[in-house]
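Taken together, the values in this text are just the output of simple stated rules run on the coordinates, not laboratory data. Computed from a predicted model, the values in this text were never measured in an experiment. Reconstructed Cβ throughout: ideal geometry from the backbone, glycine too, with neighbour counts over all protein chains shown.
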């Protein structure tokens with residue numbers, strides 16, 4: 001009953017209001033003001049720009065999950081516009097269906113970005129999230145996944161995956177609508193399970209763990225190819241988030257001085273909320289340079305995985321900052337990857353941020369990159385889309401077991 005929730009809210013009014021008003025704190029104001037650099041961008045639209053976003057949705061059946069994922073890239077070269085799509089529709093029978101669907105979306109986004117060519121590439125989302133979130137390995141663990149993958153597909157599975165990704169990248173560049181198999185990891189697993197693998201029939205093999213690991217490595221290797229392409233040749237790659245739950249600045253402040261600045265505050269507002277509330281001018285926060293990601297450190301320290309994955313990403317740094325492109329506009333989280341061998345100083349990081357802000361300002365509407373607005377509108381996988389697919393395949397209305405509740409779908413950001 002609505003009346004019940006309303007009564008609960010009224011009884012807990014003071015507690016709720018205090019939680020919302022936690023930003024009304026001198027410490028947060030000081031943190032925002034001390035870390036904010038006022039800067040009005042000089043609009044400098046690049047000669048070419050590409051924007052990438054993705055979407056996914058799952059339909060829970062009785063014994064499996066039907067998913068749809070789609071990534072979309074919009075590229076502009078002068079007056080020429082190109083649209084590229086990469087997606088997949090399929091069924092997963094494992095417990096972590098949302099984790100697999102998310103990983104599939106991230107792979108499609110990365111490959112669609114890789115198949116684009118532009119001076120500036122804007123990807124909706126966070127590269128740090130891509131690296132720290134080992135989906136679909138979260139419930140399985142890297143160690144177990146690696147062991148299962150090597151038992152099922154052989155020790156050279158990573159080399160085979162990388163070689164086939166290089167071949168696929170050439171195919172994706174040519175196609176605007178790709179109808180081939182999007183995931184090399186799935187081809188490798190299918191080959192192993194049908195007899196091509198070293199231990200396909202081995203008792204006690206763990207195909208789910210093996211598949212999760214190979215999917216995770218495909219995501220990282222695809223990202224490696226993207227970084228290699230866009231961190232050279234005068235190109236610039238930027239990840240932009242309109243929402244973020246990161247508290248990196250708060251964590252850094254807790255670690256300075258006597259450690260008592262935010263002592264005892266386990267939870268609190270996000271960095272984005274703080275900068276949104278205590279700044280109004282165009283500008284950016286003092287850039288933080290992220291030197292390492294824990295998930296990468298969990299990968300093997302020897303062998304092929306070290307050579308192709310761990311060593312590469314240990315040499316990647318990320319400039320992290322929050323920016324506002326226009327007075328009173330939205331605060332956006334901006335992440336810019338770079339090669340650590342270039343030794344980016346704090347001063348150089350500020351110049352890179354200004355350069356990217358100038359390019360974004362030349363492509364923005366009301367303080368938000370217009371290309372990202374366009375791709376967001378066209379990439380969504382909706383409930384209606386998946387319903388139509390399910391009915392066309394004869395899956396609905398009889399196979400979910402939840403039709404009467406109208407709760408058969410789970411939407412993923």
Discussion item. If I fit a long axis through the Cα atoms of helix 346-361 and take the longest principal axis of the Cα atoms of the chain, what angle between them do I get, 0 to 90°, rounded to 10?
Written reply: 80 degrees
Worksheet item: R0 = 35 Å: FRET efficiency of residue 307 with residue 392, Cβ-based, nearest 0.05?
Response: 0.20
Worksheet item: Against the longest alpha carbon principal axis of the chain, how many degrees, from 0 to 90 and to the nearest 10, is the axis of helix 157-174 turned?
Response: 70 degrees
Worksheet entry | Most to least packed among 81-93, 338-350 [average Cβ atoms within 10 Å] | 81-93, 338-350
Discussion item. Starting from the 7 Å offset along Cα-to-Cβ, what nm value, one decimal, do you get for the label separation of residue 228 and residue 380?
Written reply: 3.7 nm
Fill in: Span from the the stretch 355-394 Cα centroid across to the the stretch 47-88 one, whole angstrom
8 Å
Discussion item. Under the 0.36 nm per residue contour assumption, what length would be gained going from the current alpha-carbon distance of residue 138 and residue 173 to full extension?
Written reply: 9.4 nm
Item to complete: Please determine, in degrees from 0 to 90 and to the nearest 10, the orientation of helix 26-35 with respect to the longest principal axis defined by the Cα atoms of the chain, where the helix direction is its Cα long axis.
Response: 80 degrees
Response to the item:
For the chain the mean separation of alpha carbon contacts under 8 Å (6+ apart) over residue count, i.e. relative contact order in percent, is 24 percent
Practice prompt. Quickly rank 48-61, 374-387 as a protection proxy: mean count of other C-beta atoms within 10 Å, highest first.
Written response: 48-61, 374-387
Item to complete: Would you calculate a helix-derived [θ] at 222 nm for the chain, using -39,500 (n - 2.57) for each DSSP H run of n ≥ 4 and dividing by the full residue count, to the nearest 500?
Response: -12500 deg cm²/dmol
Practice prompt. Jot down the per residue volume, in cubic angstrom and as a whole number, of the convex hull over the alpha-carbon atoms of the stretch 33-412.
Written response: 169 Å³
